[in-house]
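Peer 1: Below is a structure I'd like to ask you about.
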Amino acid sequence: MSKRYLVTGGTGFIGSGLVRKLVHAGNDVRVLDNNSRGTTSRLSDILTDIEIVEADIRDRESVIAASRGIDSILHLAYVNGTEFFYSKPELVLDIAMRGMLNVIDACRVQDIGELVLASSSEVYQSPPVIPTKEDAPLIVPDVMNPRYSYGGGKLACELMAINYGRSGFDRVMIFRPHNVYGPDMGWEHVIPQFALRAKDLTSKQPDGIIPFPILGDGRQTRAFCHIDDFIEGVHKILNKGKHLEIYHVGNPEELSISEVADHVIKCFGREVDVRPAAAPEGETSRRCPDISKLRDLGYNPSVDFADGIATTVKWYSDNAHLSPLKT
């Protein structure tokens, strides 16, 4: 049965993928985004099939107006990118708090029974158990560290979604993405930064092993999930997820940052010599999700990292001239 969806943050990397999936599944979709970091070009192939509202998630009246006639809100509008956690923590929190409250208000004013929140694996920072289940303790280790503006904001949004959602809603669900990657994922993340750095270094050094600087000792691990797998996972939640449930969406394959650097350099046909440096304060040493709950809904990630990283690195190599970043 088709629905009328509002996707906040729908011109972003993840948001645009979800919008496309919803449209292809036969749903009506409205997108709300101020395009401060997203772009409608990500939706160029389906622009005639969707409605786009350009507005700030912090503008309560705009959010309420955009929610008119909607059956379900997928709330993704947020500030992502690790460098912004440190450089713009006030903005991160402002968008988190005002945005979440405005979405809840919109649901109540427009009598919308379904709310789906995009959270993050950052809500539990350094998890006590690997792989990590959804019931792991959520913490902010140090309120003085601006990095935790992101995870702390997501944690607060989860509390609001669950507790406001206890009454007046038919279904409220939360999904936590785990290191989603793919072409055009933005520039402020480790894989795009590695890809640009590798392109620059290999062009400057045509032969031999490439010395490759990284932050940290390279033993930090993450579990990377390709955007195609991720979108399938969220679609399973939309179809089969239960009220007041939280779902990890990711891939259980844990990779070290050194291994990621090696994969990236191999995309250029070269070998790497990782050069460690001090890690940012607050960096998490390991993170890998337990996806048993989502598997029970029929989810099974299928994109191998070597394949996914190859297409991602190629996109960034081909589009390096668009980068706002230094390598």
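Peer 1: Give Gly216, Gly208, Gly165 a once-over and let me know the one that is touching a Lys or Arg at 6+ places or on another chain (Cβ under 9 Å) and surrounded by fewer than 18 Cβ atoms within 10 Å (Cβ to Cβ).
Peer 2: Criteria check complete, one pass: Gly208.
Peer 1: Of the residues in region 102-118, how many are under 21 Å from Asp56 (Cβ atoms) and crowded, with 20+ Cβ neighbours inside 10 Å?
Peer 2: So the answer is 10.
Peer 1: Exactly one of these conditions fails for Thr284: (1) in contact with a Leu (Cβ under 9 Å, 6 or more places away or on another chain); (2) surrounded by 13 or more Cβ atoms within 10 Å (Cβ to Cβ). Give me its number.
Peer 2: Every listed condition holds for Thr284 apart from (1).
Peer 1: On to the next question. Could you please let me know if Asp59 is closer than 24 Å to Tyr5 by Cβ and either in contact with a strand residue (DSSP E or B) (Cβ under 6 Å, 6 or more places away or on another chain) or modelled with pLDDT under 95 (or both)?
Peer 2: No, not satisfied.
Peer 1: Another question, if that's okay. Filtering region 184-203 down to residues that are among the acidic types (Asp, Glu) and farther than 13 Å from Thr82 by Cβ, which residue is surrounded by the fewest Cβ atoms within 10 Å (Cβ to Cβ)?
Peer 2: Asp200
Peer 1: For Lys314, are the conditions met, namely being at negative phi, in contact with a helix residue (DSSP H, G or I) (Cβ under 9 Å, 6 or more places away or on another chain), at pLDDT 95 or above and not in a loop (DSSP other than H, G, I, E, B)?
Peer 2: yes
Peer 1: Please list, ordered by first then second residue, the pairs with beta carbon atoms under 7 Å, 6 or more apart or interchain, first in region 283-295 and more than 20 Å from Tyr148 (Cβ to Cβ), second surrounded by fewer than 22 Cβ atoms within 10 Å (Cβ to Cβ) and of a type in the set (Lys, Arg).
Peer 2: Asp290/Lys133; Leu294/Lys236
Peer 1: Take region 130-156 and flag every residue that is part of a loop (DSSP other than H, G, I, E, B) and not hydrophobic (A, V, I, L, M, F, W, C).
Peer 2: Of everything in region 130-156, those that are part of a loop (DSSP other than H, G, I, E, B) and not hydrophobic (A, V, I, L, M, F, W, C) turn out to be Pro131, Lys133, Glu134, Asp135, Pro137, Pro141, Asp142, Asn145, Pro146, Arg147.
Peer 1: In region 256-281, what residues are within 30 Å of Pro137 (Cα to Cα), touching a Phe, Trp or Tyr at 6+ places or on another chain (Cβ under 7 Å) and surrounded by fewer than 16 Cβ atoms within 10 Å (Cβ to Cβ)?
Peer 2: If the condition is that a residue be within 30 Å of Pro137 (Cα to Cα), touching a Phe, Trp or Tyr at 6+ places or on another chain (Cβ under 7 Å) and surrounded by fewer than 16 Cβ atoms within 10 Å (Cβ to Cβ), then no residue fits.
Peer 1: When only residues in region 242-281 that are small (Gly, Ala, Ser) and over 19 Å from the mean Cα position of the chain (by Cα) count, which is modelled with the lowest pLDDT?
Peer 2: Top of the filtered list is Ala279.
Peer 1: Among the residues of region 44-101, write down those that are surrounded by 23 or more Cβ atoms within 10 Å (Cβ to Cβ), without any contact (Cβ under 8 Å) to a residue 60 or more places away in the chain and part of a loop (DSSP other than H, G, I, E, B).
Peer 2: The answer is Ile57, and nothing else.
Peer 1: Of all the residues that make up region 256-288, how many are touching a strand residue (DSSP E or B) at 6+ places or on another chain (Cβ under 6 Å), not in a loop (DSSP other than H, G, I, E, B) and not small (Gly, Ala, Ser)?
Peer 2: Residues in region 256-288 being touching a strand residue (DSSP E or B) at 6+ places or on another chain (Cβ under 6 Å), not in a loop (DSSP other than H, G, I, E, B) and not small (Gly, Ala, Ser): 6 in total.
Peer 1: Given the criteria modelled with pLDDT of 95 or more, within 19 Å of Met144 (Cα to Cα) and not polar (S, T, N, Q), does Leu91 qualify?
Peer 2: Considered against the rule, which asks whether it is modelled with pLDDT of 95 or more, within 19 Å of Met144 (Cα to Cα) and not polar (S, T, N, Q), Leu91 comes out as yes.
Peer 1: Residues to consider are Tyr164, Tyr181; find the one that is closer than 22 Å to Asn80 by Cβ and either in contact with a helix residue (DSSP H, G or I) (Cβ under 9 Å, 6 or more places away or on another chain) or in contact (Cβ under 8 Å) with a residue 12 or more places away in the chain (or both).
Peer 2: Just one listed residue meets the conditions, Tyr181.
Peer 1: When only residues in region 287-298 that are in contact with a helix residue (DSSP H, G or I) (Cβ under 8 Å, 6 or more places away or on another chain) and farther than 11 Å from Pro252 by Cβ count, which is surrounded by the most Cβ atoms within 10 Å (Cβ to Cβ)?
Peer 2: Arg287
The values are calculated or read from the model by the stated rules, or taken from the named source; none is laboratory data. Values in this document were obtained by computation on a predicted structure and should not be read as measured data. Every residue, glycine among them, receives a Cβ derived from its backbone with ideal geometry; neighbour counts consider all protein chains shown.
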